[in-house]
Amino acid sequence: MNRETAAQIAVEFKNNQKVLVAIGNGTQQAILQTLIQGPQTPGMRVGEIRLRTHLSRPAVSHHLKILKDAQIVSVHKQGTINYYRLDSKSKLKSLKDLVHVIEKALLPCE
């Protein structure tokens, strides 16, 4: 592997660090799966996520904050009600770049 490719891989890992940490947690994975299966419009409330994941309300809120900070989940407010859903401009898409760079590095040299 050349230095340029190695540097590019390092940059992509750094760019995806929060996302990798967020999706590496089993509880956050359960919340993501719940959000994927739930309605995208308007989204899901904390109470709905709590019922489907069997987590406490504070636990759901804590993990949603981590997913929001990683820019995987967004919140939509309607009055005093918050709806959570997968972010349509999600950082999850940047994982494709990381995977692409790694795949490119693993290709045999021509």
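What follows is calculated from the coordinates using simple rules that are stated; it is not laboratory data. All figures in this text were calculated on a predicted structure; none of them were measured in a lab. Positions of Cβ are backbone-derived with ideal geometry, glycine not excepted, and every protein chain shown enters the neighbour counts.
Things worth noting here:
- Members of segment 28-47 found to be in a helix (DSSP H, G or I) and surrounded by 13 or more Cβ atoms within 10 Å (Cβ to Cβ), listed by number: Gln28, Gln29, Ala30, Ile31, Leu32, Thr34, Leu35, Val46
- Residue within segment 14-27 that is without any contact (Cβ under 8 Å) to a residue 40 or more places away in the chain, outside any helix (DSSP H, G or I), surrounded by 13 or more Cβ atoms within 10 Å (Cβ to Cβ) and out of contact with any Gly (no Cβ under 7 Å at 6 or more places or on another chain) present: no
- Being touching a residue at least 60 places away in the same chain (Cβ under 8 Å), part of a helix (DSSP H, G or I) and surrounded by 11 or more Cβ atoms within 10 Å (Cβ to Cβ) is a property that holds for Ile9.
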